[in-house]
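Worksheet: one structure, shown below.
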Amino acid sequence: MESNSYVLKFTLVMTVIAALILSGMFYATKPTADKNEAVFTKRAILSAVESQLGKDLASLSDDEVLQVFDQQMEQVTLNMKGEAVEGIQAEKVDMAKEKKKPEAERVLPLFIYKGQDGKKYYILSVRGSGLWDEIWGNIALAEDLNTVVGASFDHKGETPGLGGEIKDNPGWKAQFKDKHLFDASGKFTSINVRKGGAVDKEREVDSISGATITSVGVSEMLLRGIGYYLPYFEKLRAQGGATGMQTESE
Amino acid sequence: MADTATSTAPAQEKEPFFGKKERRLLTDPLNDNNPITVQILGVCSALAVTTMVYPSVVMAIAVTFVTAFSNLTTSAVRNFIPKEVRMIVQLVIIAVLVTVVELTLKAFNYQIWKQLSVFIGLIITNCIVMGRLEAFAMANKPWRSFLDGIGNGLGYSGILIILGVIREIFGRGTLFAGSPLEIDIIGAGEKFMINTTAPGSWFSWYSNNGLMVLPASALLIIGVIIWIQRSSNKKLVDIS
């Protein structure tokens, strides 16, 4: 039986040693860990415009990813009225936290990628719910703000091989290319993930067999998440900043 | 040995640096006393992280590191640990080591850290680690405790890697996916060695087994491994 004071001293010394080791480790690894995290999120955003990068995203080194982001990516943070918000960098917007706020108070990250051809691509971030946990993604739009050029998705806990296919299956993601968000009359329709296969080839993609709830979740996430950006699109069109969907048929 | 040290000398003389006993510490957990298949410890993480080989290997290394060094540390301070708080002390030692592993992975292999996500942190609750501290390190010298930790880590690793190989081949048709050693064995596409969609392919009937990517399959495979082990290892026959 040890005395109480011995127990106290022992735990005190042990706690101090543990705290020193861990805080030392934490600060030693923080710069690399932060860089890794930044590269990871930036890769996810760039993968939506991978078709416009000119090369494979996987072949880009970490430094190249950061460089592309610095030089070719314009970052805008929007509020729910579609106005640009000063003081918050789009890459610092934490979608998971935003999702917990009341809708009117959220901010939205928008990334504008300037391609080699001088065209602008708008990358929107969306977040929703899958079967087990949250799912999220990035959708890249062409200058007309209507044609999708690419999409990338990720998830927290979807079943690998079923719902996890939204991330792992490149063929499924590829379906989003060249789909349209608006119908011929200019009404926002989003992109529907249809069970049993896309019927409207312009605005629908096939769902994943065995992952109905995840697929429905993706549909819902796109409808709501892209919908948040609509006020901004309208402002942009009013300014003539975007060429508008009417020119798409030219 | 000198006559002056009669009280402790006989015990020390019989303890070679790496003798038969020490070797048994390493080899016992591989088969006769395997933490997963015989002690049935650490099954949770064995089900969760073994969908692919590469994360399994990283997880195996992480757990081996933690068992070995927590055993070593605990054993080194075992005579100073107050009995009343020994579980908490063990837990702090394990938690420090696990956090070291987590920070290291986050800095040097972010992808795999993302993939293993919460399971690195959950090594703290892995029964193998705490079990070895209580059953072995608290009563043995540091060097032997260290070997015991390595042995148990390897026993865990062995099962993890077997599970990972089986589940990845049949669940995804690949091996070591995500690492530089990636081998694409069978599947639909040009990159696989056996392309099931190639015209005239003998394997056009083949498709990946969806069950294999689910945790339930790992439990079935562990069951089969236990079955094979019990029927081939005479030492285990009458344990129950």
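Quick look at the values:
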| item | result |
| --- | --- |
| Flag if B:F119 is at pLDDT below 90, buried (at least 16 other Cβ atoms within 10 Å of the Cβ), of a type in the set (F, W, Y) and within 20 Å of the chain's Cα centre (by Cα) | yes |
| Residue within the stretch B:140-162 that is hydrophobic (A, V, I, L, M, F, W, C) and not in a helix (DSSP H, G or I) present | no |
| Any hit, the stretch B:143-162, residues being open to solvent by less than 30 Å² (accessible area, probe 1.4 Å) and within 14 Å of chain A (Cβ to nearest Cβ) | no |
| Tabulated pairs, the stretch A:158-178, first within 11 Å of chain B (Cβ to nearest Cβ), second assigned to a loop (DSSP other than H, G, I, E, B) and of a type in the set (S, T, Y), C-beta under 9 angstrom, 6+ apart or interchain | A:P160/B:T51; A:G161/B:T51; A:L162/A:S209 |
| Total residues in the stretch A:173-219, condition outside any loop (DSSP other than H, G, I, E, B) and more than 18 Å from A:R127 (Cα to Cα) | 8 |
| Pairs, first more than 20 Å from B:I93 (Cβ to Cβ) in the stretch B:103-121, second part of a loop (DSSP other than H, G, I, E, B) and at pLDDT 90 or above, C-beta under 7 Å, six or more apart | none |
| Residue that is at pLDDT below 90 and under 29 Å from B:L116 (Cα atoms), where the choices are A:G115, A:G171 | A:G171 |
| Subset tally (residues that are at pLDDT 85 or above, among the aliphatic types (A, V, I, L, M) and surrounded by 17 or more Cβ atoms within 10 Å (Cβ to Cβ)) for the stretch A:38-64 | 6 |
| Condition check for B:V92: closer than 30 Å to A:K156 by Cα and touching a Gly at 6+ places or on another chain (Cβ under 6 Å) | no |
| Any hit, the stretch B:62-69, residues being free of Cβ contacts under 8 Å to residues at least 60 places away in the same chain, surrounded by fewer than 22 Cβ atoms within 10 Å (Cβ to Cβ) and of a type in the set (F, W, Y) | no |
| A:K35 assigned to a helix (DSSP H, G or I), within 14 Å of chain B (Cβ to nearest Cβ), among the basic types (K, R) and crowded, with 18+ Cβ neighbours inside 10 Å | no |
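Every residue, every condition in (1) farther than 23 Å from B:L47 by Cα; (2) buried (at least 16 other Cβ atoms within 10 Å of the Cβ); (3) away from every other protein chain (no Cβ under 12 Å), yes or no:
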| residue | (1), (2), (3) |
| --- | --- |
| B:E168 | no, yes, no |
| B:F176 | no, yes, yes |
| B:G187 | yes, yes, no |
| B:T196 | yes, yes, yes |
| B:W205 | yes, no, yes |
| B:N209 | no, yes, no |
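One line per residue, one yes/no per condition, for (1) modelled with pLDDT under 95; (2) touching a Cys at 6+ places or on another chain (Cβ under 9 Å); (3) not basic (K, R):
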{"position": "B:G19", "(1), (2), (3)": "yes, no, yes"}
{"position": "B:V38", "(1), (2), (3)": "yes, no, yes"}
{"position": "B:L41", "(1), (2), (3)": "yes, yes, yes"}
{"position": "B:T50", "(1), (2), (3)": "yes, no, yes"}
{"position": "B:S70", "(1), (2), (3)": "no, no, yes"}
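The values are calculated or read from the model by the stated rules, or taken from the named source; none is laboratory data. Just so it is clear, the structure is predicted and the values come from calculations on it, not from any experiment. Positions of Cβ are generated from backbone atoms using ideal geometry, with glycine treated the same way; all protein chains shown enter the neighbour counts. Surface areas here come from the heavy atoms of the whole protein model, side chains and all, with no ligands, DNA or RNA. Shrake-Rupley method; radii C 1.70, N 1.55, O 1.52, S 1.80 Å.
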